[in-house]
């Protein structure tokens, strides 16, 4: 089927030249973009009029914990720092089940999609004793929603009794972690171009995983040629923990165990030295920048400007909804810019810098930039549009593309993923969405009140 997006008022391609077109069109054959241009559009089997809209590549979210959308705005930890926040919530999280994982994943994905996310990863590191196949449940939810999904098989193996942070009830043995990681890779990982599902491996953090687990997971990733992900250098407490237990700062610890390499991307990277930044750049590591979560937990301000100047691959992320507490990618894009300006000046990052991080930057972090992240021939048809004729943009259209960051575009008016329309006229194409919301609130209430 040939699909035409025509009369595009403003098109930001995010290609290598950062090309921007007016009165533009996009030609799509099935799920692949085959032509981009300006002026009169060719005819198609299906046509969408994009007049009065800004069109962009779909946003790429590079770090999440989807199950945490069940645990937003918990009063007991709404003003807690990371370690205290985790210790409290572990006791609530240990009661989740497959239904909770499925429903929360669908809700979290649709929330992100409504602000333009077409590709997301997820780190599901919570696997309570007696519960299995949580990753399968969230993949099932992702397939239902139609998002391009790159989940990670998260893990925790270092419990409180062994010097870690999580309780025994939510950690697993190294043997079980490796066994299930192999199962998931062999069942779901699609290495081909235009893949809708890929698997990465993600030991949770230096304070919840043994060194042996980190090394075995690295070896497994190399064997199967998949990516690696973990939290790193998020807080000052983590740095002190690593110095006390490893005798090394977080980035140096990663270097020691072989985790500074091109298949790795780290979430947060807030507490870095100049030498850390150089090591990350020299080893082609990627970064998932989570500005809202870093502010919410009081973790600090990541040196994104310096990392960008060093050539590090940088993507943006909403992080888990218990530490954000939304899944709004537009907030992350705007906050990424504003947070750098707080300490680095008004020219630290521009609107287009952060739009690039939210699109092509994220695609490069997930090593999917050969087929997503920009609008150009040969790329997958992951395309979003924002209506310019809304109250919050009135008077802000001197630069319509910049207005997506500088102003408030609200929700995405149109979302296409792999050639399929998932949001049209601002409405998610799922008639059961109200029931999903009802079920999410029901499960959340039960988990928050379960003793």
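Per residue, how big is the convex hull around the C-alpha atoms of the range 59-365? Give it to me in cubic angstrom, could you?
Numbers: hull volume 35.6 nm³, N = 307.
So the per-residue hull volume is 116 Å³.
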Rounded to 5, percent antiparallel among DSSP beta bridges of the chain: 45 percent
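What fraction of the Cα pairs in the range 1-85, stated in percent, has a spacing above 15 angstrom?
68 percent
To the nearest µm²/s, what D does Stokes-Einstein give for the range 349-451 at 25 °C and 0.890 mPa s, using the Kirkwood radius over alpha carbon pairs as Rh?
Values: Rh = 16.4 Å.
D = 150 µm²/s.
Which peptide among 124-134, 93-103 comes first, and what is the full order, when sorted by highest mean count of other Cβ atoms within 10 Å? It would help to have the intermediate numbers written out before the result.
Numbers: 124-134: 18.2, 93-103: 19.7.
Packing proxy ranking, top to bottom: 93-103, 124-134.
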Cβ crowding within 10 Å averaged over residues, with 219-232, 426-439, 171-184 ranked highest first: 219-232, 171-184, 426-439
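Where a number appears in this text, it was derived from the coordinates with a stated rule and is not lab data. The model shown is predicted, which means the values in this text are computed figures rather than measured ones. Don't worry about glycine lacking a Cβ; one is built from the backbone with ideal geometry, like all the others, and counts go over all protein chains shown.
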